[in-house]
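The values are calculated or read from the model by the stated rules, or taken from the named source; none is laboratory data. Please read all numbers here as calculations on a predicted model, not as lab measurements. Cβ coordinates were reconstructed from backbone atoms using ideal geometry, including for glycine residues, and neighbour counts include every protein chain displayed. Note: accessible area is taken over every heavy atom of the protein model, side chains too, but ligands, DNA and RNA are not part of it. Shrake-Rupley method; radii C 1.70, N 1.55, O 1.52, S 1.80 Å.
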Amino acid sequence: MIIQAEKTYTPEEYLEREINSKERHEYINGEIIPMTGGTPNHNQISLNLSGTLNFALKRQPYRVFVTDQRLWIPQKRIYTYPDIMVVQGDLQFQEGRKDTITNPLIIAEVLSISTRNYDKDEKFAAYRTIPSFQEYLLIDQYTTHIEQYFKTDDKRWTFTEYDGIDETVALNSITFQITLEDLYDKVEFETVE
């Protein structure tokens, strides 16, 4: 029996396929991975955070992106679409591109069962190779729980977690706060009986 190896793609092949595709895909060091669709809770949390951020940062030198903005992580050869990104100052693009940015300040991911471990481990490690990256939020969509990581020094990160609906998440890299009550507004958790 012959086992056929998976085809690997160059970044250029991926981009050509991605631009002409109706679905979004991540690219991880030669492998193209389809992205799954979001749940209503995932979308509501993303909307609540991105909308509040966008309003709070109006007329300031920050841009807020949600879901469809591609990010290139050159050291890890990864193209990905973070749930939410905040960029400070001018957008920096991958060389030769105007649709792929490289300089996020803050990234937030809404965790799903299928991506939880990847978002917490490999993806966070990849994000940390980006020089501009300073803060990471991991938001649970199944219960009120947030993990916040903030860069305090080269290779040093501070960790804080939030569980109470009455707690407030305060970002460190920008002046911004949001209560868990507002972040989880209209999110419906399943009850276990």
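When the square roots of the Cα gyration tensor eigenvalues are ordered a ≥ b ≥ c, the ratio a/c for the stretch 109-193 is 1.5 or more and a/b does not exceed b/c, which makes its shape oblate. Computed from the C-beta positions of D68 and K7, the FRET efficiency with R₀ = 35 Å rounds to 0.85.
With a cut-off of 19 Å on the backbone N, the residues of the stretch 156-193 near the modelled label site 7 Å out from L47 along Cα-Cβ are 179-190. Subtracting the Cα-Cα distance of R24 and L91 from 0.36 nm times their residue separation leaves 22.0 nm of extension gain. Result for the chain in a Gaussian network model with C-alpha springs under 10 Å: among T143, T158, T52, the largest mean-square fluctuation is at T158. For the chain, the mean residue ellipticity at 222 nm estimated from helices alone is -6000 deg cm²/dmol, where every DSSP H run of n ≥ 4 contributes -39500 (n - 2.57) and the total is divided by all residues, rounded to the nearest 500. Counting heavy atoms of the protein chains alone, R128 has an accessible area of about 100 Å² for a 1.4 Å probe.
Think of the stretch 65-144 as a dipole: +1 on every Lys or Arg Cβ, -1 on every Asp or Glu Cβ, centred on the Cα centre; then among L137, F65, P104, P104 lies furthest on the positive end. Modelled spin-label separation between Y142 and T168, with each label point placed 7 Å from Cα along the Cα-to-Cβ direction: 3.1 nm.
Assign one of three labels to the stretch 51-96, namely rounded, prolate or oblate, based on the Cα gyration tensor with a ≥ b ≥ c the square roots of its eigenvalues; rounded applies when a/c is under 1.5, prolate when it is not and a/b is larger than b/c, and oblate otherwise. Cα axes put the stretch 51-96 in the oblate bin. Modelled label positions at K151 and K58, each set 7 Å beyond Cα in the direction of Cβ, lie 3.0 nm from each other.
Note on E190/T160: beta-carbon distance plugged into 1/(1 + (r/R0)^6) with R0 of 25 Å gives a FRET efficiency of 0.40. The stretch 96-148 and the stretch 29-79 have Cα centres lying 9 Å from one another.
Can you work out the FRET efficiency for the pair E122 and T179, with r the C-beta to C-beta distance and R0 = 41 Å, to the nearest 0.05? Given R0 = 41 Å and the Cβ-Cβ separation, E is 0.85.
Would you indicate which of (i) 43, 16, 15; (ii) 32, 21, 13; (iii) 28, 21, 16 is the value of semi-axes √(5λ) of the Cα gyration tensor in Å derived from the coordinates of this structure? Structure-derived value, by its label: (iii).
For the set K22/K76; K120/K186; K22/K58; K22/K123; K7/K151; K98/K123, the pairs lying more than 28 angstrom apart at their alpha carbons are K22/K58; K7/K151.
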